[in-house]
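J.: I have a structure I would like to understand better, so I am pasting it below and will then ask my questions one at a time.
Nothing in this text is a laboratory measurement; each read-out follows from the coordinates by a stated rule. Being a predicted model, the structure only gives us computed values, none of them experimental. Methodologically, a virtual Cβ is constructed for each residue, glycine included, from the backbone with ideal geometry; neighbour enumeration extends over all protein chains shown.
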Amino acid sequence: MSTPLEDYALLSDLRTGALVSRDGSIDWLCLPRFDSPAVFSALLGDPENGRWRLSVVDGEVEDRRYHPLTFVLETTWRCPGGVARVTDFLPRSTDQGDLIRRVECLEGEVEVEHDLRLRFDYSRATPWTREVARAGGERALLSLAGPDGILVTGPMLRWPDEDLDASAGGGEGESGAGGGDDTHTDAAVDDPDSGARGGQRARRLEGRFRVTAGETMAWDLTWFPSHLEPPEPPEAEEALTATVDLWHEWADQLDVRGPYREHIVRSLLVLRALTHLDTGGIVAAPTTSLPEEFGGSRNWDYRYTWLRDAAFTIEVVVAHGLTEGAKLWRDWLLRSVAGDARDIRIMYGLAGERQLREEELDHLTGYEGSRPVRIGNGAADQYQADVVGEVMIALHELRRAGVHEDEYTWGLQKSLLRYAEENFDREDHGIWEMRGDTHHFTHGRAMMWAAFDRGIRAVEECGLDGPVDRWRGLRDRLAEEIEEHGFDPELNSYTQTYDNDEVDASLLQLPHTGYLAFDDPRMLGTVEKIEKDLVSDFGLVHRYRTSSGLDGLDGAEYPFVMCTFWLVEQYACSGRIDDAVELMDNMVDCAGDLGLLAEEYDPETGRLAGNYPQAFSHMGLIRAADAIDAARDSTRKS
């Protein structure tokens with residue numbers, strides 16, 4: 001069985017993310033960006049696909065936690081001889097990309113064991129590794145393959161005897177400097193006086209190091225472009241202090257209250273962790289191809305930035321005092337859609353790249369045997385009618401928070417509305433990126449209504465310019481159309497599309513658009529239908545009934561975390577506060593011990609599923625918690 005997702009911790013340097021299992025194995029890391037090829041891919045295969053395990057010999061994990069308000073992971077190990085704390089972190093972001101693993105012995109004596117298997121390009125390239133001399137006579141391991149270079153510094157690791165490739169050059173090798181009395185390097189050594197003498201096509205590097213109470217050891221893995229000289233790695237203690245300070249500086253801005261404060265803060269930190277520092281793009285998740293059904297084929301690459309995600313992020317961070325931070329996301333969004341509105345896409349690369357070609361990696365067996373493993377995302381070419389509405393809602397909230405609107409930012413929004421107008425009658429693939437036929441999805445049409453509505457309000461409430469009469473006519477036409485084709489009086493419910501009688505969890509977003517109230521009888525009827533058709537026996541919400549065949553995909557999927565939080569929000573805002581609290585408490589319990597949520601949850605096995613951690617899920621948690629807090633405040637005041 002694959003390591004349960006809830007057993008993984010996320011590390012982030014605001015450029016990429018690593019997943020560290022409870023037993024100390026880093027099984028996923030893309031360098032230098034979230035969407036770069038992975039150097040550790042064991043998450044989607046096995047250890048031979050690349051991992052770095054650091055553990056205490058004969059030890060057990062006694063505790064693990066994040067250093068408060070950071071993504072610096074602290075794991076406490078206990079063994080018969082003593083206690084050690086392992087601190088894993090991606091240092092404050094630099095142009096190169098570093099991963100530091102620091103071990104401190106707290107009691108007695110422990111022996112630390114490494115198993116490092118570097119595999120570049122999603123395990124399609126095993127690097128050539130050799131020992132090199134650094135300034136001051138220290139030794140390091142240099143690994144190269146194609147465009148990627150990795151320098152590993154710290155107490156020296158070695159090649160296991162059985163992994164030595166005599167044909168690779170370098171003969172029997174020489175002993176190197178060790179981090180313990182019995183540590184040595186069975187590898188060809190570069191002589192600093194005579195130059196390189198060889199190396200190995202290294203399948204594995206290992207080492208055991210004894211650490212006694214009060215002693216500390218640290219290892220650094222540094223990525224760099226292979227055509228450049230290896231950079232100087234950061235000093236571990238200084239890097240740790242700077243990284244903690246970086247996270248605390250950001251967290252000090254947060255304005256969070258209420259009984260779910262801890263969960264909201266961690267979720268806001270997740271959104272920050274998934275945001276690229278330089279560009280402002282937020283990835284939907286730092287992973288690809290984690291399945292929506294274990295063993296299934298619904299496996300997608302989420303390491304890109306959706307306009308929808310950027311818009312939702314703006315809304316939740318503005319609600320918690322991060323107005324300046326929201327401008328970073330806004331600026332990414334506006335840069336990405338700049339140009340001809342006809343070229344707008346639903347998702348982009350972190351810097352606004354438009355070509356995200358989807359391909360399958362046949363050599364990886366997949367998480368829990370779930371294949372295919374995909375990189376790239378073909379849904380980037382889809383038309384999704386809801387996107388412009390979500391963007392316009394978010395930018396409206398930013399205006400309400402006092403962020404200045406200039407001719408450039410408002411001009412781009414008017415271009416988005418022209419795009420919506422030009423595609424007014426066009427069918428789409430829906431918010432869930434169906435890969436079947438296109439339809440008029442009721443949620444998408446309501447989001448188009450919201451797009452024109454926010455344009456009208458920008459003119460009427462904020463004094464901006466625009467063809468308000470034309471927008472009002474389009475908004476009214478959409479309202480009439482939605483009521484005629486998207487609401488079924490016999491079911492007393494809105495429907496998924498204009499041409500079926502299914503329901504869809506996206507309909508829970510109708511009140512959020514302002515189209516109708518949370519307690520409108522039509523909305524309450526829709527909720528009742530969703531509870532009947534989409535809520536599982538465990539009380540969690542499916543996105544839609546996959547058995548209808550509308551999505552054009554094989555297999556099924558587990559309940560969707562964000563959709564369940566939408567139901568919490570609906571309950572809270574329509575007066576069902578007890579139901580909201582009960583469901584909310586169940587949902588936060590689905591998170592792992594570090595408070596991270598995936599895209600989906602399998603209640604039968606009690607396991608998270610889908611890409612992890614998922615920005616959407618954490619956005620949903622924040623909104624649900626805010627809704628409960630607001631509902632309780634309203635009840636107390638009435």
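J.: Give me the dipole magnitude in Debye, nearest 20, for the chain about the Cα centre, with unit charges on the beta carbon: positive for Lys and Arg, negative for Asp and Glu. The partial results should precede the final answer.
T.: Values: 65 positive and 120 negative charges, 217 e Å.
That gives the chain a dipole magnitude of about 1040 debye.
J.: Related question: Compute the projected area of the convex hull of the Cα atoms of the range 116-159, averaged over all viewing directions, and report it in nm² to one decimal place.
T.: Details: hull surface 13.2 nm².
The directionally averaged projection comes out at 3.3 nm².
J.: With 10 angstrom as the radius, rank 530, 344 by how many other C-beta atoms surround their C-beta, starting from the fewest. Don't skip to the end; give the middle numbers.
T.: Numbers: 530 24, 344 21.
The fewest-first ordering by Cβ neighbours comes to 344, 530.
J.: Please give the peptides 109-119, 532-542 ranked by average Cβ packing (other Cβ atoms within 10 Å per residue), highest first, as a rough proxy for protection. Walk me through the numbers before you get to the answer.
T.: Numbers: 109-119: 21.9, 532-542: 16.8.
Ranking, from highest mean packing down: 109-119, 532-542.
J.: As a footprinting exposure proxy, order 340, 98, 278 by other Cβ within 10 Å, with the fewest listed first.
T.: On the way: 340 9, 98 26, 278 12.
In increasing order of surrounding Cβ atoms, one gets 340, 278, 98.
J.: Further question: With every atom except the alpha carbons ignored, what do you get for Rg and Dmax of the chain, in angstroms?
T.: Just the Cα atoms of the chain yield Rg and Dmax of 26.1, 86 Å.
J.: What is the distance in Å between the Cα centres of the range 428-444 and the range 6-56?
T.: Using only Cα atoms, the two centres lie 34 Å from each other.
J.: Could you work out the relative contact order of the range 253-632? I mean the mean sequence separation of Cα pairs under 8 Å and 6+ apart, divided by the number of residues, in percent.
T.: Values: 723 pairs, mean separation 70.4, N = 380.
It rounds to 19 percent for the range 253-632.
J.: Can you spot the aspartates and glutamates whose alpha carbon is less than 18 Å from residue 637's alpha carbon? Ignore those fewer than 8 places along the same chain.
T.: Partners found: 578, 626, 629.
J.: Further, regarding this structure: Got a sec? Which residues in the range 110-141 would a label at residue 363 touch, if it sits 7 Å along Cα→Cβ and we count backbone N under 15 Å?
T.: Under 15 Å, as judged by backbone N against the label point of residue 363, lie 118-128 of the range 110-141.
J.: What is the gain in length, in nm to one decimal, between residue 106 and residue 586 on full extension, counting 0.36 nm per residue of separation less the C-alpha to C-alpha distance? Can you show the working numbers first?
T.: Values: separation 480, 0.36 × 480 = 172.80 nm, distance 3.66 nm.
Extending this stretch completely gives an extra 169.1 nm.
J.: Something else about it: So, R0 is 41 Å and r is the distance between the beta-carbons of residue 554 and residue 213; what FRET efficiency does that work out to, to 0.05? Before the final figure, lay out the partial values.
T.: Working: r = 56 Å, r/R0 = 1.38.
That gives a FRET efficiency of 0.15.
J.: First measure r as the distance between the Cβ atoms of residue 249 and residue 501, then evaluate 1/(1 + (r/R0)^6) with R0 = 60 Å and state the FRET efficiency to the nearest 0.05.
T.: Numbers: r = 52 Å, r/R0 = 0.87.
With R0 = 60 Å, the Cβ-Cβ based efficiency is 0.70.
J.: Once Lys and Arg get +1 and Asp and Glu get -1 on their Cβ, which of 434, 456, 570 lies farthest toward the positive end of the dipole of the chain?
T.: Of the options given, the answer is 456.
J.: Across the Cα atoms of the range 1-125, what radius of gyration and what greatest pairwise Cα-Cα distance (Dmax) are found, in Å?
T.: 14.3, 42
J.: Select from 289, 601, 395 the residue farthest towards the positive end of the dipole of the chain; place +1 on Cβ of Lys and Arg, -1 on Cβ of Asp and Glu, and compute about the Cα centre.
T.: 395
J.: When Lys and Arg each count +1 and Asp and Glu each count -1, what net charge do the other residues less than 10 Å away from residue 495, Cβ to Cβ, add up to?
T.: On the way: positive: 529; negative: 488, 499, 501, 502, 504.
Residues near residue 495 contribute -4 overall.
J.: Need one word for the range 253-632: rounded, prolate or oblate. Basis is the Cα gyration tensor (sqrt eigenvalues a ≥ b ≥ c); a/c below 1.5 gives rounded, then a/b vs b/c decides.
T.: Numbers: a/c = 1.23, a/b = 1.16, b/c = 1.06.
Judged from the Cα gyration tensor, the range 253-632 comes out rounded (a/c under 1.5).
J.: Here's a follow-up. Regarding the range 2-54, what is the average projected area of its C-alpha convex hull, in nm²? Present the calculation step by step, with values, prior to reporting the outcome.
T.: Working: hull surface 13.7 nm².
Spelled out: convex hull of the Cα atoms, projected over all directions, averaged, 3.4 nm².
J.: Turning to a different aspect of this structure: Could you tally the net charge around residue 588, taking each other residue with its Cβ under 13 Å from the Cβ of residue 588, Lys/Arg +1 and Asp/Glu -1? Write out the running numbers ahead of the final one.
T.: Working: positive: 261, 266; negative: 6, 262, 582, 585, 589, 593.
Local charge sum for residue 588: -4.
J.: Can you pull the one-decimal nm distance between simple spin-label points at residue 519 and residue 632, each 7 Å off the Cα toward Cβ?
T.: A separation of 2.0 nm, rounded to one decimal place.
J.: Just rank 634, 493, fewest to most, by other beta-carbon atoms within 10 angstrom. Mind showing how you got there, number by number?
T.: On the way: 634 13, 493 25.
Going from least to most buried by this count: 634, 493.
J.: Further question on the same structure: Under a cut-off of 30 Å between alpha-carbon atoms, report the lysines in cross-link reach of residue 414, not counting same-chain residues fewer than 8 places apart.
T.: 327
J.: Just tell me which aspartates and glutamates come within less than 12 Å, Cα to Cα, of residue 529; anything on the same chain fewer than 8 places away is out.
T.: Candidates past the 8-residue exclusion: 488, 490, 501, 502, 504.
J.: Counting only C-alpha contacts under 8 Å and six or more residues apart, can you give the relative contact order of the chain as a whole percent? Each step should come with its number before you reach the end.
T.: Numbers: 1450 pairs, mean separation 74.7, N = 638.
Relative CO of the chain lands at 12 percent.
J.: Among 5, 416, 535, whose Cα projects farthest towards the positive end of the dipole of the chain, with charges put on the beta-carbon of Lys, Arg (+1) and Asp, Glu (-1)?
T.: Farthest along the dipole direction, towards plus: 416.
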